[in-house]
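To start, the structure under review is shown below, and the notes come after it.
Every read-out reported here was derived from the displayed coordinates using simple, explicitly stated rules and does not represent laboratory data. Note that the structure is predicted; figures quoted are calculated from it, not measured. Don't worry about glycine lacking a Cβ; one is built from the backbone with ideal geometry, like all the others, and counts go over all protein chains shown.
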């Protein structure tokens, strides 16, 4: 099957759902398409993952804390995986929910005990924001193409 240049260009940024005959492509090409469905990149989730991972690296560089490095990379990686999964399917939030929920609890507890904003308060706050975003995402109705 071949596609016209318009469809090849649109396929780079959109997922094309094939169901109806395309009025632009020649019928002999056998290219079937319908309006495209946007699958947006989960920028908020990827930013959160980068914040968590960079916090672990900074903790290691400043204080030599190997547990900070390990936890930062582990939870940053999980948050990044969750953001990738949400980019593919907006309702696939389980990994992000586990990562941000765990960090909100652990870092919130550390912030409560120490009263220091950095790093526990920052990560707890960012994790609560991420949990709020995931809650909104769960309540949204799916978009129909």
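Exposure proxy for 118, 130: other Cβ atoms within 10 Å of each Cβ, ordered fewest to most, give 118, 130. Neighbour counts of other Cβ atoms within 10 Å put 65, 127 in the fewest-to-most order 65, 127.
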